Amino acid sequence: MDTPASMPGDSLTPAVALAVAAADGTLTGWSTGAEQLLGYSAGEAVGRLAAALLASPLPAGVRGRFDRQEDWTGHVVLRHRDGSAVECRLRARPLPTGDGRAGWLLEGVREREENRDMDPLIRWSFDQSPFALAIYDTEGRFLRVNEHMTKQLAATERDLRGLRITEHMPDPAFQAPERSVDHVLRTGEPEHIENYVKVPGESQAHAWTIHFTPLKDSLGLVHGVQQAALDFSEQYAARERLALLDEASKRIGSSLDVARTAQELADVAVPDLADFISVDLLDAVLRGDEPPPVPDDGPLVLRRVATRPGAKAVVAVGELSRYPEFSPIARSLATGRGTVHQVGEPEITRWLANDPVRSAWMSRHHAHSMMVVPLRGRGTNLGVVFFARLDPSAAPYEQADLQIAKELAARAAVCLDNARRYTREHTTTLALQHSLLPQGIAEQVAVDVASRYLPADSKIGVGGDWFDVIPLSGARVALVVGDVVGHGIHASA
């Protein structure tokens with residue numbers, strides 16, 4: 001029953017210990033390799049229960065496979081005759097006995113021998129791979145992991161052996177790779193997923209691209225699964241930034257209405273970039289006027305134009321908000337620079353100390369990180385955007401986040417300035433056109449005359465046809481109607 005140390009053409013195959021067990025678990029066969037592995041002679045081993053050789057219990061679920069007479073491969077710890085523990089990889093294959101029951105062929109290989117006899121290049125390729133690698137048995141339990149994987153899971157290879165992924169990491173996010181391992185074991189087909197999870201010891205989640213490959217023998221039977229995971233968080237963040245900016249280009253500026261444009265900015269930013277956002281503008285922008293210079297001293301007064309839908313903010317939409325000159329909002333508009341802040345910084349502490357209502361709001365909503373970005377369109381100060389993260393598990397803002405916020409603000413500022421200019425032109429046009437309308441109608445002998453102004457385009461409010469009544473001799477009048485070409489100030493003139 002002995003197995004040679006290596007098969008022809010396969011110099012990497014280690015010696016295998018073989019044993020045979022009856023359906024009740026009693027050992028009926030014992031090879032020389034088994035004697036070398038555990039120290040028991042055939043006479044000492046045959047007749048004993050195979051389970052009596054275990055130094056630690058089998059992984060959960062294995063006995064169920066035995067009851068169903070299913071093949072199983074996994075990590076076990078056996079007891080040597082001298083009392084020492086022997087770690088090995090064990091494969092149990094059913095041997096039908098003809099009465100509906102099955103005995104078992106047991107194949108064991110000392111794991112230390114596997115590592116020692118393995119070609120160094122193969123071992124180094126596994127240990128030094130830039131990927132986080134893991135090998136799972138047919139139960140989806142860890143057999144081997146390299147150093148990158150132990151760092152990501154914050155556990156040694158010894159700690160992980162015999163465990164399923166979710167037994168070590170109960171976070172629901174790790175259910176996806178566990179399902180993939182089971183699927184590959186069941187189908188024998190490779191699978192690829194992307195997963196976004198937080199690993200132990202990290203303050204924020206990482207993005208992973210993960211490949212699961214079935215490990216098959218020459219007959220195509222699946223004996224395990226290899227997992228190769230690569231952290232692509234930077235590429236993922238760049239992709240998300242581009243997606244957000246692309247969404248912003250589609251949604252911001254759908255109209256020439258200042259308030260609506262500001263709300264579109266808020267809608268795009270939440271929740272991908274912020275948990276809370278507010279857009280405050282100078283009153284002159286809402287009127288379409290040229291905004292005045294930012295005051296060097298005294299508080300900055302802005303009007304709240306947009307915020308996160310449904311948010312209970314300190315300042316409601318439509319109300320004025322006053323910011324002291326030393327606050328991040330006032331400084332951002334005065335300098336034209338965006339800034340990143342964390343709660344607890346001296347500047348934030350000073351600001352909140354002078355605004356207890358806002359301080360209470362931040363404390364109540366667990367705000368911990370914020371960004372302030374000015375809105376400047378064509379060199380004109382329009383207002384300020386305030387971004388905040390409230391979720392304690394969310395990572396603090398970094399310079400990469402500020403760059404996205406600045407790009408969003410720059411796009412929105414151009415649209416806001418367009419809306420401001422349209423508001424100014426629209427107001428001017430209406431004033432001019434109404435000033436050109438007749439203030440009264442001269443009485444006519446031949447006819448009674450009445451007039452009414454109805455714009456051709458109710459949305460724009462200007463344009464259409466003009467009319468006039470001209471008295472002529474002999475109790476006659478001339479009724480004249482003409483068309484106004486175009487819209488706006490020039491059309492009115």
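Rundown of residues vs (1) under 17 Å from VAL285 (Cα atoms); (2) of a type in the set (Gly, Ala, Ser), yes/no style:
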| site | (1), (2) |
| --- | --- |
| ALA316 | no, yes |
| ALA334 | yes, yes |
| THR339 | no, no |
| GLN342 | no, no |
| SER359 | no, yes |
Exercise. Within the range 286-310, which residues are basic (Lys, Arg), outside any loop (DSSP other than H, G, I, E, B) and without any contact (Cβ under 8 Å) to a residue 60 or more places away in the chain?
Worked result: ARG303, ARG304
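Taking the options VAL315, VAL285, VAL340, VAL279, name whichever one is surrounded by 17 or more Cβ atoms within 10 Å (Cβ to Cβ), out of contact with any Lys or Arg (no Cβ under 8 Å at 6 or more places or on another chain) and assigned by TED's automatic domain parsing to the domain that holds GLY377. Working first, answer last.
On the way: VAL315 fails: out of contact with any Lys or Arg (no Cβ under 8 Å at 6 or more places or on another chain); VAL285 fails: out of contact with any Lys or Arg (no Cβ under 8 Å at 6 or more places or on another chain); VAL279 fails: out of contact with any Lys or Arg (no Cβ under 8 Å at 6 or more places or on another chain).
The match here is VAL340.
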Problem set entry | Residue among SER363, SER359 that is without any contact (Cβ under 8 Å) to a residue 12 or more places away in the chain, part of a helix (DSSP H, G or I) and closer than 26 Å to ASP272 by Cβ | SER363
Exercise. Are any residues in the range 32-75 in contact with a helix residue (DSSP H, G or I) (Cβ under 8 Å, 6 or more places away or on another chain), buried (at least 17 other Cβ atoms within 10 Å of the Cβ) and not aliphatic (A, V, I, L, M), and if so, which ones?
Worked result: GLU35, TYR40, TRP72, GLY74, HIS75
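For the structure I just gave you, tell me whether SER451 is more than 53 Å from the chain's Cα centre (by Cα) and at pLDDT 80 or above.
no
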Exercise. Can you pull out the residues in the range 387-427 that are within 12 Å of VAL340 (Cβ to Cβ) and of a type in the set (Phe, Trp, Tyr)?
Worked result: PHE387, TYR397
Exercise. In the set ASP159, ASP182, ASP231, which member is at pLDDT below 90, closer than 30 Å to VAL77 by Cβ and not hydroxyl-bearing (Ser, Thr, Tyr)?
Worked result: ASP159
Exercise. Which one of the conditions (1) in a loop (DSSP other than H, G, I, E, B); (2) surrounded by fewer than 18 Cβ atoms within 10 Å (Cβ to Cβ); (3) on the phi < 0 side of the Ramachandran plot; (4) not aromatic (Phe, Trp, Tyr) does THR138 fail to meet, given that it meets all the rest?
Worked result: (2)
For this session: Could you please find all residues in the range 218-251 being among the charged types (D, E, K, R) and either assigned to a helix (DSSP H, G or I) or exposed (fewer than 15 other Cβ atoms within 10 Å of the Cβ) (or both)?
Result: GLU234, ARG239, GLU240, ARG241, ASP246, GLU247, LYS250, ARG251
Problem set entry | Among residues of the range 114-135, those that are at pLDDT below 75 and either exposed (fewer than 15 other Cβ atoms within 10 Å of the Cβ) or in a strand (DSSP E or B) (or both), counted | 4
Exercise. Do you know which of the residues in the range 398-415 that are part of a helix (DSSP H, G or I), within 18 Å of the chain's Cα centre (by Cα) and not polar (S, T, N, Q) is surrounded by the most Cβ atoms within 10 Å (Cβ to Cβ)?
Worked result: ILE404
For this session: Check whether at least one residue in the range 15-22 is modelled with pLDDT under 85 and buried (at least 16 other Cβ atoms within 10 Å of the Cβ), and report yes or no.
Result: yes
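Looking only at residues in the range 318-334 that are of a type in the set (A, V, I, L, M, F, W, C) and surrounded by 14 or more Cβ atoms within 10 Å (Cβ to Cβ), which one is nearest to CYS415 (Cα to Cα)? Let's see the steps before the verdict.
In the first step, residues of the range 318-334 are kept if they are of a type in the set (A, V, I, L, M, F, W, C); the result is 320, 326, 329-330, 333-334.
Next, from what is left, pick out any that are surrounded by 14 or more Cβ atoms within 10 Å (Cβ to Cβ): 329-330, 333-334.
On the way: ILE329: 21, ALA330: 22, LEU333: 18, ALA334: 21 Å.
Top of the filtered list is LEU333.
The values are calculated or read from the model by the stated rules, or taken from the named source; none is laboratory data. Quick caveat: nothing in here was measured; it's all calculated off a predicted structure. We place every Cβ from the backbone using ideal geometry, glycine too, and count neighbours over all the protein chains shown.
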